[in-house]
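What follows is a set of notes on a single structure, which appears directly below.
The values are calculated or read from the model by the stated rules, or taken from the named source; none is laboratory data. The shown structure was predicted, so the numbers you read here are calculated from the model rather than taken from an experiment. Here Cβ is always computed from backbone atoms with ideal geometry, including for glycine, and neighbour counts include all displayed protein chains. The protein model used for the area step is the full one, side chains on, heavy atoms only, and it has no ligands, DNA or RNA in it. Shrake-Rupley method; radii C 1.70, N 1.55, O 1.52, S 1.80 Å.
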Amino acid sequence: MLIAWSTYQRIRIGILRAVPWSFVVSRVLTGVTQIVFPYFIYRYFMAGSLSVEFAQYTGSADYMTYIVLGSALNVLAVSTLMNIGRALITELREGTLEMLLLAPASRTAYFAGCLWEQTLRALLEFGATLLVGALLGANLWPIFSLRALLAITLAIFSFFCMGILLSGVMLRTRDTYVTQNTLFFLMNVVCGITFPLQYLPGWVQHLAQLFPLTPAVALFRSAVIQQEPLAGQLDLIGQILLLSALYLLAGALWNKKLERNLMESIFG
């Protein structure tokens with residue numbers, strides 16, 4: 001806990017002193033635009049009409065609630081993956097990676113501190129997205145329930161596990177822009193954020209199942225829109241936990257090998 005708390009404080013102080021207001025404003029605006037643009041397309045371009053297939057695929061004809069929930073969880077996924085994924089390469093750019101590698105501190109506690117700090121910031125963006133969605137007509141009252149809270153917690157955990165692997169990939173490639181934007185673009189297109197997966201080709205639907213965001217969004221919508229208990233969604237929960245375990249294991253092995261190679265290159 002001491003390591004996690006120290007990591008949290010160091011990152012939070014750096015954020016507040018470097019970009020106190022512009023960072024917060026940019027986070028909120030990102031979440032708001034995720035809702036406003038689809039709203040105008042739905043209201044003025046589609047004239048508020050939906051196809052029969054949409055209701056069949058989603059089990060609801062409430063498009064605004066559907067897209068607000070998807071966009072909000074996508075915002076949370078992007079924030080988590082970006083901050084956890086850029087943790088190690090940020091240490092490299094700031095010249096503190098060698099000290100981190102030499103420190104006897106637990107890497108798990110270090111990443112837990114990163115998760116703790118970024119989650120508090122990501123929830124601001126998440127909340128702004130939900131607030132704007134509610135003002136635009138989304139029915140979000142069921143989100144204040146234990147099942148919705150558990151779905152969000154499970155989603156954050158899965159994004160964290162994926163971020164561990166992404167962190168090693170970014171450090172190995174020495175790149176953040178291409179890596180993260182390619183990943184975020186794929187997730188936004190194939191994970192069912194703004195439309196049902198059934199509209200996509202079959203092979204793309206199978207590809208979407210490799211991202212934890214896909215079952216996490218389905219579970220979140222089921223808990224809020226259909227208000228189904230989590231006990232009836234064990235298949236989605238199992239998929240999220242399985243993907244989380246695979247990403248966490250792959251990330252741990254990758255980072256351990258990468259750390260050993262970095263130590264050899266520094267002191268070899």
Within the stretch 190-206, does at least one residue satisfy the condition of being out of contact with any Leu (no Cβ under 7 Å at 6 or more places or on another chain) and among the small types (Gly, Ala, Ser)?
yes
Is there a residue being within 23 Å of the chain's Cα centre (by Cα) and within 25 Å of TYR177 (Cβ to Cβ) anywhere in the stretch 37-56?
yes
Exception for GLN205 within (1) closer than 25 Å to ALA134 by Cα; (2) open to solvent by 50 Å² or more (accessible area, probe 1.4 Å); (3) in a helix (DSSP H, G or I); (4) not aliphatic (A, V, I, L, M) falls at (1)
Has the stretch 227-239 got any residue that is within 15 Å of the chain's Cα centre (by Cα), surrounded by 14 or more Cβ atoms within 10 Å (Cβ to Cβ) and modelled with pLDDT of 90 or more?
no
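Return the residues of the stretch 252-268 that are open to solvent by 60 Å² or more (accessible area, probe 1.4 Å) and either modelled with pLDDT of 80 or more or among the charged types (D, E, K, R) (or both); say none if nothing qualifies. Lay out the reasoning, then the answer.
Taking the stretch 252-268 first, the residues open to solvent by 60 Å² or more (accessible area, probe 1.4 Å) are 253-254, 256-257, 260-261, 264-268.
Once the filter is applied, which keeps residues that are open to solvent by 60 Å² or more (accessible area, probe 1.4 Å) and either modelled with pLDDT of 80 or more or among the charged types (D, E, K, R) (or both), the stretch 252-268 yields LEU253, TRP254, LYS256, LYS257, ARG260, ASN261, GLU264.
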Would you check if LEU249 is at pLDDT 90 or above and either hydroxyl-bearing (Ser, Thr, Tyr) or not in a loop (DSSP other than H, G, I, E, B) (or both)?
yes
With of a type in the set (S, T, N, Q), open to solvent by less than 70 Å² (accessible area, probe 1.4 Å), more than 24 Å from THR90 (Cα to Cα) and outside any loop (DSSP other than H, G, I, E, B) as the only criterion, which of THR179, THR129, THR153 stands out?
THR129
Is there a residue in the stretch 85-95 that is open to solvent by 60 Å² or more (accessible area, probe 1.4 Å) and of a type in the set (Val, Ile, Thr)?
no
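Going by the conditions given, is GLY113 buried (at least 18 other Cβ atoms within 10 Å of the Cβ) and either of a type in the set (A, V, I, L, M, F, W, C) or under 15 Å from the mean Cα position of the chain (by Cα) (or both)? Walk me through it before giving the result.
Numbers: buried (at least 18 other Cβ atoms within 10 Å of the Cβ): yes; either of a type in the set (A, V, I, L, M, F, W, C) or under 15 Å from the mean Cα position of the chain (by Cα) (or both): no.
Considered against the rule, which asks whether it is buried (at least 18 other Cβ atoms within 10 Å of the Cβ) and either of a type in the set (A, V, I, L, M, F, W, C) or under 15 Å from the mean Cα position of the chain (by Cα) (or both), GLY113 comes out as no.
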